[in-house]
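Have a look at the structure below, then the notes.
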Amino acid sequence: MPTESASATAPAAARPPAGDPELPRLSALGWARWAWRILTSMRTALILLFLLAVGAIPGSMLPQRGVSVEQVRNYFLEHPDLAPWLDRFYLFDVYSSPWYAAIYLLLFVSLTGCVLPRAAAHYRAMRARPPKTPRNLARMPYSATFTTAAPPEQVVTAARALLRRHRVDTAEEPDGGRALAAETGYLRETGNVLFHLALLALLVALGAGSFLGYRGNMLVVEGDGFANTLTSYDAFFPGTAVDEGDLQPFSFTVEEFQASFIEEGDLSGQAAAFSADLTYRAAPDAPEGRHHLAVNHPLSVDGAQVYLLGHGYAPEFRVTNAEGEVVFDQAVPFIAREETAFTSDGVIKVPDAGEEQLGFTGVFLPSAAEGPDGELVSTFPGTRNPVVTLTGYQGDLGMDDGGSQSVYQLYTDDMRELGESPELSPGDTWELPDGAGEITFTGYRDYISMQVNSNPARVPALVAAATAVAGLLATLFVRPRRAWVRARTREDGRTVVEVAGLSKIENAALTAEFHQFATSLRDRLRETPATDTGTKE
């Protein structure tokens, strides 16, 4: 026929090679199903969990804006070339970065698609009957055989009594004998499923806390107060669903701050303890309470926690302008450039000095001494010899341009330098050149850096974490095992009893437990000394 002739004359290159069938191409739906199977596999979930842990490493090694804006600022000053590159990859905002959120969301989806079907399968397994008695019990890791005068029904009844904590199923054998199958240890898989479900719930709680909660950082000078309003924060990180009206209306005052350092020995200069005494109100019309704030003892008020993060020094200055008017008189927080001796840097801005504004950059040394090269250094974090050195500027501070300025940075583009001050101790005054006025270092106060954390999902996250630990303990200590008993009547009227056991984990104690069950069953059925032909493997 023509069709056959055409096929016979077709060139060999036009025909598919023999033995190499052409596979159908996957459709878009097929690719989606393949991607879903890969994403929801336990291997993928473990890889994503590992990546989540690895991604958190920079968050523990580098300062984070959500914890301490001041430390991030100091890192930029100490590493001006490296810090901008790290910031491009969100390494100072690890836990709110897009790449960390992507890992988090993929892990959530992977766990959901992996754990929920597994939980459903485990539920069905718990309701199912125990596995049927195998045909050859001698192949089990443990097996034993003995004879008894008791009938098969009595053997099964006795075995059921000994296995009362097991899920038991009995059946009649085709040869008239009786068989029993028992299984226990379901809590191991239950704990495994519970652990993963709790991990999933923990991810949900952390996400809900980030969505519904907020964090804020601030510095509060000793003797000053704080009201929980948006303008009171130095840095504020609200959740997506949080607005200004959701902030709890509490307030507090730092009455006194205490800091102690190790005075002598190899650990000299290290912190011994930080604490502060607060008075607070949960609302403007609420009664006043007192709280001793320490590093691991936050203030909890109206669902928010106030944490003590660190401390520093706030030198006090009084500035008098050229007309003799006091135009500035307050404490200014200085940020420590290092925490071994608390050498601190700060900025003083005096916008109301007159026709030309005044600005100062300063260095505060709590324990000033002459260094090896003759420079002035601080030798101890405590205030043994407090000294301030200043550099003065006069001109336009740029505060009226409408843009925001950092209170820790002085913009000197439109200012001229007045010179450097001598070393100022408390009570010393520097007469400014050109009759610009004077500045007096009147003393110093402590300040504390604090964080307010409001997380409505904190308790659910704690419950989920505790549940995960409980599930993990069940996975580690519960021993799943199966036992079978078969009783058959021999021609001489004696009953042959076969006992077998199988453990899903390697455990020598379970072999001893199976043997104890076999001997207990034999002893319970024995009316006269029986012949024991048991074999144990």
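Some notes on this structure:
- Per residue, the accessible area of the chain comes to 55 Å² when a 1.4 Å probe rolls over the protein heavy atoms.
- Cα point-scatterer Debye curve for the range 166-301, base-10 log of I(q)/I(0) at q = 0.19 Å⁻¹: -1.13
- Once the Cα atoms are used to define both axes, helix 69-78 deviates from the longest principal axis of the chain by about 70 degrees.
- CD proxy at 222 nm, helix term only [per DSSP H run n ≥ 4: -39500 (n - 2.57); per residue of the chain; nearest 500]: -10000 deg cm²/dmol
- Just the protein heavy atoms count here, and of the accessible area of the range 98-228 at 1.4 Å, carbon and sulfur take up 62 percent.
- With every protein chain in place, the range 259-414: carbon and sulfur % of accessible area (1.4 Å): 44 percent
- In terms of Cα atoms, the Rg and Dmax of the range 41-166 work out to 29.0, 91 Å.
- Computed on the Cα atoms alone, the convex hull of the range 41-82 gives a volume of 72 cubic angstrom per residue.
- Heavy-atom accessible area ranking, 1.4 Å probe, most first, across 218, 399, 415: 399, 415, 218
- In this view, the solvent-accessible surface of residue 337, computed with a 1.4 Å probe and all protein chains in place, comes to about 110 Å².
- For residue 328, the residues whose amide H sits under 5 Å from its own are 319, ignoring neighbours fewer than 5 places away on the same chain, with H placed 1.01 Å from N.
- Integer Hz, Karplus 6.51/-1.76/1.60 couplings in order for the range 446-459, x for Gly and Pro: 7, 10, 10, 8, 9, 9, 9, 10, 10, 9, x, 9, 5, 5
- Rel. contact order, % - alpha carbon contacts under 8 angstrom, at least six apart, the chain: 19 percent
- Computed log₁₀ I(q)/I(0) - Debye formula, equal Cα scatterers, no solvent, the chain, q 0.07, 0.13 Å⁻¹: -0.68, -1.28
- In order along the range 149-159, the Karplus-derived 3J(HN,Hα) couplings, from 6.51 cos²θ - 1.76 cosθ + 1.60 at θ = phi - 60°, round to 7, 6, x, x, 4, 5, 4, 5, 5, 5, 5 Hz, and Gly and Pro are given as x.
- Working ranking of peptides 417-426, 248-257, 25-34 by packing, defined as the average number of other Cβ atoms within 10 Å per residue, highest first, is 248-257, 417-426, 25-34.
- Each residue of the range 417-434 was assigned a 3J(HN,Hα) from its phi angle through the Karplus curve 6.51 cos²θ - 1.76 cosθ + 1.60 (θ = phi - 60°); the sequence is 6, 8, x, 10, 7, x, 5, 10, 9, x, x, 7, 10, 10, 6, 6, x, 6 Hz, with glycine and proline shown as x.
- Each of 362, 59, 107 was placed along the dipole of the chain (beta-carbon charges, centred on the mean Cα), and the one lying farthest toward the positive end is 107.
- Taking one quarter of the surface of the convex hull spanned by the alpha-carbon atoms of the range 406-459 gives a direction-averaged projected area of 7.2 nm².
- Pair-distance profile P(r), taking every C-alpha pair of the range 284-409, with 10 angstrom steps and integer %: 11, 29, 27, 24, 9, 1
- Projecting the Cα positions of 353, 42, 495 onto the charge dipole of the chain (unit charges on Cβ atoms of Lys, Arg, Asp and Glu, taken about the Cα centre) puts 495 furthest along the positive direction.
The values are calculated or read from the model by the stated rules, or taken from the named source; none is laboratory data. From a predicted model like this one, the values you see are computed outputs, not experimental measurements. Because the Cβ atoms are built from the backbone with ideal geometry, glycine has one as well, and the counts that use them run over all protein chains shown. Ligands, DNA and RNA are stripped out before the accessible areas are found, and what is left, the full protein with its side chains, is counted by its heavy atoms. Shrake-Rupley method; radii C 1.70, N 1.55, O 1.52, S 1.80 Å.
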